[in-house]
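To start, the structure itself, in structure tokens.
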Amino acid sequence: MTFAKALIARTTEVGGRTLVHSCAAGPESDGQYMSECKVKEPSAFVRSQEGAEVQARVHKELMTILENIQPGVTSNI
């Protein structure tokens with residue numbers, strides 16, 4: 001695990017750059033996938049039927065978790 005972290009881990013500063021860049025980017029980046037401060041094509045998995053099913057399942061699970069923490073919160077989304 002330490003070896004893998006050394007290869008792919010990022011500092012919070014480096015990891016936050018894409019978030020800051022996304023906020024500052026123009027309208028051409030709206031709704032797009034960004035990585036390493038660039039608009040990139042999502043992976044084949046994300047674009048697949050299986051990826052869509054996983055996305056729906058994760059969304060449902062997340063909404064359930066949020067409702068357990070603060071009932072009614074998902075009605076504001």
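The values are calculated or read from the model by the stated rules, or taken from the named source; none is laboratory data. Bear in mind the structure is a predicted one, so any value in this text is a computation, not a measurement. Cβ placement follows ideal geometry from the backbone for every residue including glycine, while neighbour counts extend to all protein chains displayed. In case anyone asks, the SASA skips ligands and DNA or RNA and just uses the protein heavy atoms, side chains included. Shrake-Rupley method; radii C 1.70, N 1.55, O 1.52, S 1.80 Å.
With the requirement that a residue be within 22 Å of residue 55 (Cα to Cα) and open to solvent by 70 Å² or more (accessible area, probe 1.4 Å), what does the stretch 12-32 give you?
Listed by number, the residues that qualify are 19, 30, 31, 32.
Can you pull out the residues in the stretch 19-61 that are touching a helix residue (DSSP H, G or I) at 6+ places or on another chain (Cβ under 7 Å) and β-branched (Val, Ile, Thr)? It would help to see each step written out before you state the result.
The first filter runs over the stretch 19-61 and keeps only residues touching a helix residue (DSSP H, G or I) at 6+ places or on another chain (Cβ under 7 Å), leaving 22, 29, 34-37, 39, 45, 51.
The answer is 39, and nothing else.
Between a first residue in the stretch 33-44 that is surrounded by 11 or more Cβ atoms within 10 Å (Cβ to Cβ) and a second residue that is acidic (Asp, Glu) and not in a loop (DSSP other than H, G, I, E, B), which pairs have beta carbons less than 8 Å apart while being 6 or more apart in sequence or on different chains?
39/28
Residue-by-condition table, conditions (1) outside any loop (DSSP other than H, G, I, E, B); (2) modelled with pLDDT under 90; (3) among the charged types (D, E, K, R); (4) touching an Asp or Glu at 6+ places or on another chain (Cβ under 9 Å):
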{"position": "15", "(1), (2), (3), (4)": "yes, yes, no, no"}
{"position": "19", "(1), (2), (3), (4)": "yes, yes, no, no"}
{"position": "28", "(1), (2), (3), (4)": "yes, yes, yes, no"}
{"position": "31", "(1), (2), (3), (4)": "no, yes, no, no"}
{"position": "42", "(1), (2), (3), (4)": "no, no, no, no"}
{"position": "46", "(1), (2), (3), (4)": "yes, no, no, no"}
{"position": "50", "(1), (2), (3), (4)": "yes, no, yes, no"}
{"position": "54", "(1), (2), (3), (4)": "yes, no, no, no"}
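Looking at residue 68, is it modelled with pLDDT of 95 or more, of a type in the set (S, T, N, Q) and surrounded by fewer than 11 Cβ atoms within 10 Å (Cβ to Cβ)? Can you show your working first?
Details: modelled with pLDDT of 95 or more: yes; of a type in the set (S, T, N, Q): yes; surrounded by fewer than 11 Cβ atoms within 10 Å (Cβ to Cβ): yes.
Yes; evaluated as a whole, the condition is true for this residue.
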